[in-house]
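For reference, the structure discussed in these notes is given below.
The values are calculated or read from the model by the stated rules, or taken from the named source; none is laboratory data. All values reported here derive from a predicted model rather than from experimental measurement. Because the Cβ atoms are built from the backbone with ideal geometry, glycine has one as well, and the counts that use them run over all protein chains shown. These area figures cover heavy atoms from the full protein model, side chains too; ligands, DNA and RNA do not enter into them. Shrake-Rupley method; radii C 1.70, N 1.55, O 1.52, S 1.80 Å.
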Amino acid sequence: MPGDLLLVNGRIRTMDVANPTVSAIAIRLGRVVYAGDDAGAKAAAAPGSPVIDLAGRTATPGLNDAHAHPMSVGFALLDLDLSPERHAAIADLQALVRETVAARPTGTWILGRGYDDARLAEGRHPTRADLDVVAPDHPVMLIRMCHHIGVANSTALRLAGITRDTPDPTDGLFDRDEHGEPTGVLREGALTAVRAVMPEPDEDAMMAALEAGGREFLRQGVTSAVEAGIRDPRELRAYQRLREAGRLPVRTYLMMMIDETLDDLVSLGIRTGFGDEWVRIGPAKLLIDGSIGGRTARMHAPYEGEPDNVGLWMMPPDEFKAKVRRAHDAGFQVGIHAIGDAAIDLVLDAYEEAQAATPRPDPRHRIEHCSIVDDRILGRIRDIGAVPIPGTSFLRHFRDAYVNNLGEWRIGQAYGMRSFARFGITAAASSDAPVVPVNALAGVQTMVTRRDILGRPCNPREAVPLDDALRAYTVNGAFASFEEGIKGTLRAGMLGDVTIFETDLFAVDPDDLVTTRVDYTVTAGEVAYERESA
Ligand SMILES: [Zn+2]
């Protein structure tokens, strides 16, 4: 429900160039009605409006994550967290499974992720025997942090039809005891064999995941998150049902996978922008290449140490261009996952050709991730008016694999916020969570410091001031979804979405931004998240 709220005595960065810093804002019925000084805001506020005294804390427009997977974030949160920081021994894992068994109906799968046998006190993987004691009737699978090895209990093995007579798959291994019985430990393809019998989540499970995932975004100050890939009607219904129930935590802009959804949308006359301020149809989406980590992003020059490998196309370039053309002609914004420089060039070719054939005033086509660029490509992005959606904390987490695979120079240009600005390109920040954590300030810190998680630099010349990083996470995100007229800045008439940090962000050591917490997240004038001791 849209609410009234008065914020006073703060350092509010409005992202409105005409009025960049104010101490107060007033929100009435979910919309900003005033941004300025305390006295003006008090006069503009609704009588009896709730008040938050910011006491010098920084507030910004609600953060906007321009590319993420909120439903997957939720599913990951609903799985058990087995990380070594929280569980020192197999007995701890058993206790967690026992607790979960008590809370879930018999027969429901229990999935956990993130244990590390090397850091468990026993120095070994748990076995089916360890799990059977605590979960005799629930199928259980625990996956090691690497995602290539896991352990299943007897119920799970039985459901997968795995016995002592089951041969190992060609691409994997069932660990066996001295009598040839599977121990429950599954390697590679053996893990897939058990996973294959896990039921697909139904619509209710999707709603639960979406709500849990959305709450995590709120906790990190994010009020708008692009869902980077709807392929199934159940996903769309889950979003809609949650929104109808008033339980959708964050506003969302839905990327629609071209192969699975475009025909239906076109036949109904639906295109980008259809929907409302909470759930809106976004771009038509495709993937044209892979990843830097997997050496599958499509490059002009080969990967380090592999002179014959320039990565992959996910489909033949001509077929790709035809699909882009079709979405463009139908009035869609287009968003293509393109990471390598050759992939980005192909996307730009496709956009250029589509626009030449069917000119549109402002198609604002996007390049998801848009990782490896140089000045020539940046010039093309500017000329075509495309919007890059960099993964702003990828460098923080993946610097080593990136440098190993593509070398210092090419990675030095990656996600270069300074260069995007130098070319006058509007780039919208994103996490791509759950690929990396939702934490938006991790992305802000990476943009500001160009350092990875161990503090090592990655071309500091691409660093930008804090204000620019915050712009990338607010107003630029709104621009990337054609919503700059309703959000991304705090001025009269805009949605009352605000993020309030625990302190003055501009006084924080840039290397500590990642641990700076959000005190309040406000959507439509209502406090949707409040930190316990805020
Ligand atoms: Zn993604």
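So the values come out like this:
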{"quantity": "Measure of compaction for the stretch 71-165 (Cα Rg per 2.2 N^0.38 Å)", "calculated": "1.02"}
{"quantity": "Radius 14 Å from Cβ of Glu462, net charge of other residues (Lys, Arg +1; Asp, Glu -1)", "calculated": "+3"}
{"quantity": "Share of pairwise Cα separations in the stretch 403-531, more than 26 Å, in percent", "calculated": "25 percent"}
{"quantity": "Whole-number D in µm²/s for the stretch 358-443 (Stokes-Einstein; Kirkwood sum over Cα pairs; 37 °C, 0.692 mPa s)", "calculated": "241 µm²/s"}
{"quantity": "For the stretch 517-529, 3J(HN,Hα) per residue [Karplus equation, 6.51 cos²θ - 1.76 cosθ + 1.60, θ = phi - 60°, Hz, x = Gly/Pro]", "calculated": "9, 8, 8, 9, 10, 10, 10, 6, x, 10, 6, 8, 9"}
{"quantity": "Alpha-carbon centroids, the stretch 86-128 and the stretch 468-491: separation in whole Å", "calculated": "43 Å"}
{"quantity": "Extension gain from Ser267 to Ala91, taking 0.36 nm per residue of separation minus the Cα-Cα distance", "calculated": "57.8 nm"}
{"quantity": "The chain, accessible area per residue, ligands and nucleic acids excluded (1.4 Å, Å²)", "calculated": "40 Å²"}
{"quantity": "Whole-number Å³ per residue for the convex hull built on Cα positions in the stretch 296-406", "calculated": "99 Å³"}
{"quantity": "Spatially proximal lysines relative to Lys321 (Cα-Cα < 28 Å; intrachain offsets below 8 disregarded)", "calculated": "Lys285"}
{"quantity": "Length added when fully stretched, Arg422-Glu99, from 0.36 nm per residue minus Cα-Cα", "calculated": "110.8 nm"}
{"quantity": "Environment charge of Thr60, counting only residues whose C-beta is closer than 11 Å and scoring Lys/Arg +1, Asp/Glu -1", "calculated": "+2"}
{"quantity": "Extended-chain gain in nm, criterion 0.36 nm per residue less alpha-carbon gap, Ala55 and Trp109", "calculated": "14.7 nm"}
{"quantity": "At R0 = 30 Å, FRET efficiency that the Cβ-Cβ distance of Arg231 and Glu188 yields, to 0.05", "calculated": "0.70"}
{"quantity": "Scaled radius of gyration (Cα, divided by 2.2 N^0.38 Å) that the chain gives", "calculated": "1.02"}
{"quantity": "Surface share of carbon and sulfur [accessible, 1.4 angstrom probe, percent] for the stretch 418-534", "calculated": "50 percent"}
{"quantity": "Cα coordinate range in the stretch 61-109, projected on the principal axes (Å, largest first)", "calculated": "44, 28, 16"}
{"quantity": "The stretch 262-301 - percent of accessible surface contributed by carbon and sulfur, probe 1.4 Å", "calculated": "53 percent"}
{"quantity": "Residues whose placed amide H lies under 5 Å from that of Tyr34, excluding near-sequence neighbours", "calculated": "Ala26"}
{"quantity": "Distance between modelled label sites at Asp329 and Ala401, nm, 7 Å Cα→Cβ extension", "calculated": "3.8 nm"}
{"quantity": "Net charge of Cβ neighbours under 12 Å - reference Arg251; Lys, Arg +1; Asp, Glu -1", "calculated": "-3"}
{"quantity": "Efficiency of FRET from Cβ geometry, Asp259 and Ala39, R₀ 60 Å, rounded to 0.05", "calculated": "0.60"}
{"quantity": "FRET efficiency, 1/(1 + (r/R0)^6) with R0 45 Å, evaluated for Thr170 and Glu502 via beta carbons", "calculated": "0.25"}
{"quantity": "The chain: relative contact order in percent, alpha carbon pairs under 8 Å with at least 6 residues between", "calculated": "17 percent"}
{"quantity": "Protein-only accessible surface order, largest first, of Lys285, Lys321, Lys42 at 1.4 Å", "calculated": "Lys42, Lys321, Lys285"}
{"quantity": "Label point distance in nm, Glu277-Ala357, each placed 7 Å from Cα along Cα→Cβ", "calculated": "3.8 nm"}
{"quantity": "Whole-number Å³ per residue for the convex hull built on Cα positions in the stretch 111-157", "calculated": "66 Å³"}
{"quantity": "In nm, spacing of pseudo-spin labels at Asp132 and Asp512 (7 Å Cα→C-beta vector)", "calculated": "5.3 nm"}
{"quantity": "For the stretch 455-534, convex hull of alpha carbons as volume per residue, Å³", "calculated": "123 Å³"}
{"quantity": "The stretch 154-201 versus the stretch 253-271: alpha-carbon centroid distance in Å", "calculated": "39 Å"}
{"quantity": "Surface accessible to a 1.4 Å probe, Tyr415 within the full protein complex, Å²", "calculated": "10 Å²"}
{"quantity": "Derived scalar couplings ³J(HN,Hα) [the stretch 423-428; Karplus, 6.51 cos²θ - 1.76 cosθ + 1.60; whole Hz; x for Gly, Pro]", "calculated": "8, x, 8, 8, 10, 9"}
